[in-house]
1. Among the residues of the stretch 1-42, which ones are within 12 Å of the chain's Cα centre (by Cα) and among the aromatic types (Phe, Trp, Tyr)?
2. So, of the residues in the stretch 93-121 that are surrounded by fewer than 22 Cβ atoms within 10 Å (Cβ to Cβ) and small (Gly, Ala, Ser), which turns out to be farthest from Val5 (Cα to Cα)?
3. Just checking, how many residues over the stretch 24-60 are farther than 24 Å from Ser105 by Cα and not hydroxyl-bearing (Ser, Thr, Tyr)?
4. Give the residues of the stretch 73-92 that are assigned to a loop (DSSP other than H, G, I, E, B) and either surrounded by fewer than 13 Cβ atoms within 10 Å (Cβ to Cβ) or not hydrophobic (A, V, I, L, M, F, W, C) (or both), sorted by residue number.
Amino acid sequence: QVQLVESGGGLVQAGGSLRLSCTASGRIFSINDMAWYRQAPGKQRELVATITRAGMSNYADAVWGRFTVSRDNAKNTVYLQMNSLKPEDSAVYYCHAAARASIRSGPTDYWGQGTQVTVSS
């Protein structure tokens, strides 16, 4: 079993910055793609950014140029640097990882518990 623990959320004024972290622990052979999603009240969960094990990243149009995703494979950790935050970025942010428990097992999807980001205008 793999656990994902996020941290770094909080309250910030528009134009400010936050950095989210997510660390995976437990029985891990390898972690493939990692990603950040977010869900605002009354809305569906949406993809924010993804990053492969090799470091290739992709972003949602809404955050392009403002957010940066990175990872430290040695620490099983993914980060999301969020700059120029807007009130519409307010949401619960979730970490996702596709992890393998052994060399013989395929990847399984794991989710963190979520961390609240609130951007005031």
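Read-outs throughout are calculated quantities, based only on the coordinates presented, and are distinct from any laboratory measurement. For clarity, every value in this text was computed on a predicted model and none was experimentally measured. Using ideal geometry, Cβ is built from the backbone for each residue, glycine included, and neighbour counts are taken over all protein chains shown.
1. Result: Trp36, Tyr37.
2. Ser121
3. 14
4. First, the residues of the stretch 73-92 that are assigned to a loop (DSSP other than H, G, I, E, B): 76, 83-86, 90.
Answer for the stretch 73-92, where residues must be assigned to a loop (DSSP other than H, G, I, E, B) and either surrounded by fewer than 13 Cβ atoms within 10 Å (Cβ to Cβ) or not hydrophobic (A, V, I, L, M, F, W, C) (or both): Asn76, Asn83, Ser84, Lys86, Ser90.
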